[in-house]
Amino acid sequence: MRNNVIELLARKARKLDRKRITVRQVAIETGMSYYTLSALVDNKLKEYPRAVLTGLCDYLECNIGDLLSYEEVPSVD
């Protein structure tokens, strides 16, 4: 699973004529945990909390398919 949070934050920042939107700003504006958001952005989460995904979709005005995409992991034979 790959997330597109950074790309979506950049798109939202451009839309708002802002230089950038940080993960800390998202945490403050949404009330979500900075540590959870940071782990999600860094692809370190093993499970994706529903509340975080729906909160990000609302904040970024996107669908879950915009937020996450499937990346096939090469198999080791």
Fully extended contour minus Cα-Cα distance, from Asp42 to Asn63, at 0.36 nm per residue: 5.6 nm
Relative contact order for the chain, counting Cα pairs under 8 Å that sit 6 or more residues apart, in percent: 43
Rounded to the nearest 20 debye, dipole of the chain from Cβ charges on Lys, Arg, Asp, Glu: 460
Cα lying deepest toward the dipole's positive end in the chain, options Val52, Leu9, Val76, charges on Cβ: Leu9
Residues Arg14 and Tyr35, FRET efficiency given R0 of 25 Å [Cβ-Cβ distance, rounded to 0.05]: 0.40
Where N is the number of residues in the chain, Cα Rg divided by 2.2 N^0.38 Å: 1.14
Pairwise label distance in nanometres, Ile28 with Glu72, each label 7 Å out on the Cα-Cβ vector: 4.4
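Only the coordinates and a few stated rules stand behind these numbers; no lab work does. Predicted, not measured: the structure shown is a model, and the values here were computed from it. Cβ atoms come from the backbone with ideal geometry, glycine included; neighbour counts cover every protein chain shown.
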